[in-house]
Amino acid sequence: MTDEREWIRLAQEGDQTAFSRLVGAYQTPVYNLAYRMLGNRAEAEDATQETFLRAYTNLRSYDLQRPFSSWLLSIASHYCIDRLRRRRITWLSFEDEIAASDETGDTTEIHLKGEFLNPESVVARQEQETQIQHLLAALSPADRAAITLRYWYDYSYEEIARTLNMTVSAVKSRLHRARRDLAQMIEEDS
Amino acid sequence: MDCEQASEIMQDRLDGLSATADILRLEEHLAGCTRCQSEWRRLQLLDNLFASAQMVSAPPYLRVRLIAAMAQRDRARRAALTCTVLALGCVTLALFLFVPAILNLLSATSGVTAVLLSGGLVTINQLLSHAGVLGRTILILLTRLIPPLAAPGLCSLLVALGLNRLLTGLSQARKPDIVIRRIL
């Protein structure tokens, strides 16, 4: 953590090497958020790049009292929400999203934390991933962000509210509604 | 406890926020309500599915791509700043040279404003004569000003392009390589 604060301070003074260390430390959390929200790898890479560029440009306005991860994920969430809203305007449906990720051969690389998986487990994991992305794609952009921050980052209601610029009660009602809808979908699918 | 309250406690329980007393009340309610049993089963299924999902790791080439994009943005920003400074210099120079000419133009065409303010279109002939005067004035100004302005204008443009090229070339040649080498 002390190292991180030092990297941030140096990066704020224009040290690119310090910022590249921050990129190394946070590229996977940002990429995972973007992938969960956008549903395909190519767009997730673009979103990760844009998030870090925005962070780099606005680094001087970053408040050192706030967790850096929270600030970065806030930039990523807002960017992905905007992107999903623009995508809706162009009338790209959920089926198109799935088709697009299929066309690009989008197979998810899962962070395995050193565990060994046999081929059956890999297939099971991929099916699980497909199901998760299918469920997430049915949610509104803000609900997707809230669910992703809750489950993959273990954020509390307060942290999600700060990250997404919402009230705690709005986060709570979004999460509850999203979970009820998703649970209903799981039953219908099965 | 009604089903709505039970539903709220189920959600809180998934987030680890429900009190022991609430959990006991929920269990009592579930024992006698098949609808809520079914909802609780679905919610647990969903919660287990999402809780067991892994982080998707960033591809290994992404970091280099990100650093290269940042270096490129830096170069573009520096180039834009240089061009803006030089463009402002050129505009200042041009204004300095043009001010007497613009003053002459205004005094030569002041009649047009008077005609328009005094009641609109008085006669077509009046307007045509003013347009003629204006045209001749512009022609004279252009023939007098183009030759002396061409040389400094062209020089400023060449200097701007040269400096821009130099700065862009220098940053391309040095900075990204240093950064990428450090990362690798």
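The values are calculated or read from the model by the stated rules, or taken from the named source; none is laboratory data. Note that the structure is predicted; figures quoted are calculated from it, not measured. With ideal geometry, Cβ positions are generated from the backbone for all residues, glycine too; neighbour counts draw on all protein chains shown.
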Inset, instruction - Looking only at the stretch A:154-190, count how many residues are facing another protein chain (nearest Cβ under 9 Å) and within 22 Å of A:Asp82 (Cα to Cα). - result: 3
Inset, instruction - Report yes if B:Gln11 is surrounded by 16 or more Cβ atoms within 10 Å (Cβ to Cβ), of a type outside the set (Asp, Glu) and touching a strand residue (DSSP E or B) at 6+ places or on another chain (Cβ under 6 Å), otherwise no. - result: no
Inset, instruction - May I ask you to verify whether B:Leu26 is surrounded by 12 or more Cβ atoms within 10 Å (Cβ to Cβ) and either facing chain A (nearest Cβ under 8 Å) or modelled with pLDDT of 85 or more (or both)? - result: yes
Legend entry - Condition met for B:Leu105 (modelled with pLDDT under 90, more than 8 Å from chain A (Cβ to nearest Cβ), within 24 Å of B:Ile146 (Cβ to Cβ) and in a helix (DSSP H, G or I)): yes
Legend entry - Residues of the stretch A:8-34 satisfying the condition of being under 13 Å from the mean Cα position of the chain (by Cα) and either in contact (Cβ under 8 Å) with a residue 40 or more places away in the chain or away from every other protein chain (no Cβ under 11 Å) (or both): A:Tyr26, A:Thr28, A:Pro29, A:Val30, A:Asn32, A:Leu33, A:Ala34
Inset, instruction - Hey, can you tell me all the residues within the stretch A:36-75 that are on the phi > 0 side of the Ramachandran plot and free of Cβ contacts under 8 Å to residues at least 24 places away in the same chain? - result: none
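For (1) within 7 Å of chain A (Cβ to nearest Cβ); (2) of a type in the set (S, T, N, Q); (3) over 30 Å from A:Asp181 (Cβ atoms), each residue gets a yes or a no:
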residue	(1), (2), (3)
B:Arg35	no, no, no
B:Ser38	no, yes, no
B:Asn48	no, yes, no
B:Ala51	yes, no, no
B:Val56	yes, no, no
B:Val64	no, no, yes
B:Ala71	no, no, yes
B:Asp74	no, no, yes
B:Arg78	no, no, yes
Legend entry - Any chance A:Leu139 is assigned to a loop (DSSP other than H, G, I, E, B) and at pLDDT below 95: yes
Inset, instruction - Pull up the stretch A:35-69, narrow it to residues that are at the interface with chain B (Cβ under 8 Å from one of its Cβ atoms) and within 22 Å of A:Arg162 (Cβ to Cβ), then point me to the one that is surrounded by the most Cβ atoms within 10 Å (Cβ to Cβ). - result: A:Thr48
Inset, instruction - Given the conditions (1) at pLDDT 90 or above; (2) more than 30 Å from A:Val122 (Cβ to Cβ), report the number of the one that B:Leu43 does not fulfil. - result: (2)
